[in-house]
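J.: Sending over a structure as structure tokens; questions will come in a sec.
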Amino acid sequence: MTDAVQSIRHDWTLDQIKTLFEQPFNDLLFRAQTMHRANFDPNAVQISTLLSIKTGACPEDCAYCPQSAKYDTGLERERLLPLDDVRSAAMNAKQNGATRFCMGAAWRNPTDKNLEKVIEMISLVKDLGMETCVTLGMLTREQTRKLKLAGLDYYNHNLDTSPEYYQEIITTRTYQDRLDTLENLRAEDINVCCGGIIGMGETDKDRAALLQQLANLPEHPQSVPINLLVQVENTPLYGTDELDPIDFVRTIAVARIMMPASVVRLSAGRTAMSEELQALCFLAGANSIFYGDTLLTTPNPDENLDQDLFHKLGIVANGEQQTESGGNAAA
Ligand code: SAM
Ligand code: DTB
Ligand code: SF4
């Protein structure tokens, strides 16, 4: 059976993944690009825009995160954003060509009261005609049911790293807690956006084990964000040795091969990447980005830079042609 028609697999062994990672770079990229072309328009990239709806003062201790209350990163604690602010940010994102609007909150988990407020935000974004995604921390089954009823399209909940390296990164919740939330989402048939962070000092084996966890879930996540660690001063991971960019591209390529029908997002960390590196990531099968000059709290490339890059590479945002009236600015 060729790769292109290979069925979706959930039985990857670490040895098989290691073999993928260790192929000569050109062979790996050719294979990933071939797989990509069999499943997607090779020149289309989906664009999502992020908004932090509740910033800072998070009780969790994720060692990479500027929003943890445990580290003094200078972030102001903010309350949940008012609906009007969400509406104007969403309208702006739509105007700039985003098809999905992702809202993130620095919570361990939402209270039921907060969830009601987020549900109002989901409704207003849907009314603007965009897909909705939220990332609010751990969820109970009852909460996933409410989000499903609200019409939520995607929920982002990352595994972040391998089960083995996880305890070096987060102590306030377990890997199993994350798997349980993913299970609650699947049970309500909410699309899952789940990936991880590369460049946290993990080994090659940890990267393989993260992808193994993702691909061996009962269903592949519909979206797989691959973040490059954004190093923020005063977080424990600040000063971690920089990852070799070729290893980042290899991770994208292996994710593409293992989860052929999932959208792989080149997520955080693009401000530290050259255009050439991002181009290699698209060649390796990345087909989504966050668009807009801020992620949740840290910088993302300016919109003009992304438009120039897409233009140079002949990439079309969301697979649509730009119209005179705008609406697809990154095309
Ligand atoms: N608090 C919720 C949670 O952790 O599930 C939602 C928001 S949290 C900021 C969403 C994701 O952002 C994390 O799971 C992590 O993968 C990513 N993230 C946070 N800080 C990052 C950083 N400095 N670099 C790269 N990715 C980061
Ligand atoms: C994901 O995997 N990456 C996004 C999104 N999901 C929510 C968040 C990246 C955050 C980077 C650090 C910050 O801006 O605070
Ligand atoms: Fe809190 Fe999420 Fe940041 Fe962890 S990643 S500290 S849970 S906001």
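Just so it is clear, none of the values below were taken in a lab; they were calculated from the coordinates. Note that the structure is predicted; figures quoted are calculated from it, not measured. Quick reminder, even Gly has a Cβ in these numbers, built from the backbone with ideal geometry, and neighbours come from all protein chains shown.
J.: Per the helix-only calculation at 222 nm, which mean residue ellipticity applies to the chain, given -39500 (n - 2.57) for every DSSP H run of n ≥ 4 and division by its residues, nearest 500 deg cm²/dmol? List each step's numbers first, then the result.
T.: Working: 11 runs with 128 residues, N = 331.
Result for the chain, helices only: -12000 deg cm²/dmol.
J.: Percent antiparallel among DSSP beta bridges with both residues in the chain, to the nearest 5? Can you show the working numbers first?
T.: Numbers: 1 of 34 bridges.
Approximately 5 percent, going by the DSSP bridge assignments.
J.: Sticking with this structure for a sec: Quote to one decimal, in nm, the extra length available between L124 and A272 on full extension: 0.36 nm per residue of separation minus the C-alpha distance between them.
T.: On the way: separation 148, 0.36 × 148 = 53.28 nm, distance 3.36 nm.
That works out to 49.9 nm of additional length.
J.: So, counting K/R as plus one and D/E as minus one, what does the shell of residues with Cβ under 11 Å around G195 add up to? Don't skip to the answer; put the middle values down first.
T.: Working: positive: R265; negative: D160.
Summing Lys and Arg as +1 and Asp and Glu as -1 gives 0.
J.: Highest first, please rank the peptides 272-285, 71-84 by the mean number of other Cβ atoms sitting within 10 Å of their residues.
T.: Values: 272-285: 18.7, 71-84: 13.5.
In decreasing order of mean packing, 272-285, 71-84 become 272-285, 71-84.
J.: Shifting gears a bit: Work out the count of Lys pairs in the chain where the Cα-Cα distance is under 16 Å, with the pair 8 or more places apart or on different chains.
T.: 10
J.: Report the extension gain between D244 and L149 in nm, rounded to one decimal, defined as 0.36 nm multiplied by the number of residues separating them, less their alpha carbon distance. Could the numbers behind the result be given before it?
T.: On the way: separation 95, 0.36 × 95 = 34.20 nm, distance 4.36 nm.
So the extension gain works out to 29.8 nm.
J.: Further, regarding this structure: Hey, rough spin-label estimate for T111 and I8, points 7 angstrom out along Cα→Cβ, what's it come to in nanometres?
T.: The two pseudo-label positions are separated by 3.8 nm.
J.: Another question about this same structure. May I ask for the net charge around M138, where only other residues with Cβ less than 11 Å from the Cβ of M138 are counted and Lys, Arg are +1 while Asp, Glu are -1?
T.: On the way: positive: R108, R173, R178; negative: E60, D177, D180.
Every neighbour counted, the sum reads 0.
J.: Roughly what would the spin-label model give for T298 and T34, points 7 Å off Cα along C-beta, in nm?
T.: Label at T298, label at T34, 3.6 nm between them.
J.: Let me ask something else. So which residue, out of G104, G199, G151, gets the largest mean-square fluctuation from a GNM of the chain using Cα contacts under 10 Å as springs?
T.: Per the Cα network of the chain with a 10 Å cutoff, G151 tops the list.
J.: Here's something else I'd like to know. Against the empirical 2.2 N^0.38 Å scaling, what ratio does the C-alpha Rg of segment 27-120 come to?
T.: Working: Rg = 18.1 Å, N = 94, 2.2 N^0.38 = 12.4 Å.
Taking N as the residue count of segment 27-120, the ratio is 1.46.
J.: Under the rule that a partner needs its Cβ under 4.7 Å from the first Cβ, which Cys of the chain have none?
T.: C58, C193, C194, C281
J.: Which whole-Hz ³J(HN,Hα) couplings does segment 47-54 yield from phi under the Karplus relation 6.51 cos²θ - 1.76 cosθ + 1.60, θ = phi - 60°, glycine and proline marked x?
T.: Whole-Hz 3J(HN,Hα) from phi for segment 47-54: 10, 10, 10, 9, 9, 7, 8, 8.
J.: Over all directions, how big on average is the projection of the convex hull of the alpha-carbon atoms in segment 83-152, in square nanometres?
T.: Details: hull surface 17.3 nm².
Quarter of the Cα hull surface area: 4.3 nm².
J.: Based on the alpha-carbon gyration tensor of segment 245-292, what equivalent-ellipsoid semi-axes (square roots of 5 times the eigenvalues) come out, in whole Å, largest first? Intermediate results must be reported in sequence, preceding the final value.
T.: Working: eigenvalues 56, 32, 12 Å².
Here the semi-axes work out to 17, 13, 8 Å.
J.: Would you kindly work out the equivalent ellipsoid of segment 215-294 from its C-alpha gyration tensor and give its semi-axes, the square roots of five times the eigenvalues, largest first in whole Å? Spell out each step's value before the answer.
T.: Details: eigenvalues 100, 44, 33 Å².
So the equivalent ellipsoid measures 22, 15, 13 Å along its semi-axes.
J.: What is the distance in Å between the Cα centres of segment 9-65 and segment 254-292?
T.: Measuring centre to centre over Cα atoms gives 7 Å.
J.: Starting from the exponent 0.38 and prefactor 2.2 Å, build the expected Rg for segment 138-221 from its residue count and divide its actual Cα Rg by it. Don't jump to the answer; show the numbers that get you there.
T.: Details: Rg = 13.3 Å, N = 84, 2.2 N^0.38 = 11.8 Å.
The value comes to 1.12.
J.: Can you check what the net charge comes to around D302, using other residues whose Cβ is under 10 Å from the Cβ of D302 (Lys, Arg +1; Asp, Glu -1)?
T.: Working: positive: none; negative: D293, E303, D306, D308.
Value of the local net charge: -4.
J.: Using only the Cα atoms of segment 130-187, what semi-axes does the equivalent ellipsoid have when each is the square root of 5 times a gyration tensor eigenvalue? Give whole Å, largest first. Each step should come with its number before you reach the end.
T.: Details: eigenvalues 114, 28, 14 Å².
Equivalent ellipsoid semi-axes, largest first: 24, 12, 8 Å.
J.: Could you tell me the relative contact order of the chain? Use alpha-carbon pairs under 8 Å, at least six residues apart, and round to a whole percent.
T.: Relative contact order, the chain: 24 percent.
J.: Each label point is 7 Å from the Cα along the Cα-to-Cβ direction; what then is the distance between the points at T174 and D61, in nm?
T.: Output for this residue pair reads 1.7 nm.
J.: So what is the orientation-averaged projected area of the chain, using the convex hull of its C-alpha atoms, in nm²?
T.: Numbers: hull surface 62.3 nm².
The directionally averaged projection comes out at 15.6 nm².
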